[in-house]
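I have placed the structure first, in the form of structure tokens, so that the comments after it can refer back to it.
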């Protein structure tokens, strides 16, 4: 298996969890499927340039339960940007049926799986 495949699978898996959460089709008790993917110290830069820490991201996602019934999220153009030791940097494109296209860069830490360390999102015009 090449280094990109587990990264692609994790990005797709994570966005499927997000889709189901936003659509309200997964039990609220399964929130750990989202939360547990984010390492302690996780940070995110949103398309508007604001930065969020892990607690704020989890709070915002928790509050968004069921707010987008029928949402579709498509992931494409996953690429491995760099890797060194336990760290891997990847980029991908995200298209949601409810908003603009986004290009993201994510930093993962490898261990027993892939932990999300940092995410930077940019709106594609």
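For segment 6-44, give me the residue count where each residue is in a helix (DSSP H, G or I) and surrounded by 11 or more Cβ atoms within 10 Å (Cβ to Cβ).
22
Identify, by number, the condition in (1) surrounded by 12 or more Cβ atoms within 10 Å (Cβ to Cβ); (2) touching a strand residue (DSSP E or B) at 6+ places or on another chain (Cβ under 6 Å); (3) over 15 Å from residue 19 (Cβ atoms) that residue 62 doesn't meet.
Unmet for residue 62, out of (1) surrounded by 12 or more Cβ atoms within 10 Å (Cβ to Cβ); (2) touching a strand residue (DSSP E or B) at 6+ places or on another chain (Cβ under 6 Å); (3) over 15 Å from residue 19 (Cβ atoms): (2).
Here are some residues: 64, 68, 35, 88. Which one is at pLDDT 95 or above and under 11 Å from the mean Cα position of the chain (by Cα)?
Step by step, each of 64, 68, 35, 88 is checked, and only 35 is at pLDDT 95 or above and under 11 Å from the mean Cα position of the chain (by Cα).
When segment 45-54 is examined, which residues are found to be surrounded by 11 or more Cβ atoms within 10 Å (Cβ to Cβ) and out of contact with any strand residue (DSSP E or B) (no Cβ under 8 Å at 6 or more places or on another chain)?
none
Looking at segment 33-50, I want the residues that are farther than 29 Å from residue 112 by Cβ and have a partner that is assigned to a strand (DSSP E or B) with Cβ atoms under 8 Å, at least 6 apart or on another chain. Which pairs are those?
47/102; 47/121; 47/122; 47/123
How about segment 73-125: which of its residues are part of a loop (DSSP other than H, G, I, E, B) and either out of contact with any strand residue (DSSP E or B) (no Cβ under 8 Å at 6 or more places or on another chain) or buried (at least 18 other Cβ atoms within 10 Å of the Cβ) (or both)?
85, 98, 99, 111, 112, 113, 125
The values are calculated or read from the model by the stated rules, or taken from the named source; none is laboratory data. Everything numeric here is computed off the predicted structure, so don't read it as measured data. Backbone-built Cβ (ideal geometry, glycine too); neighbour counts: all protein chains shown.
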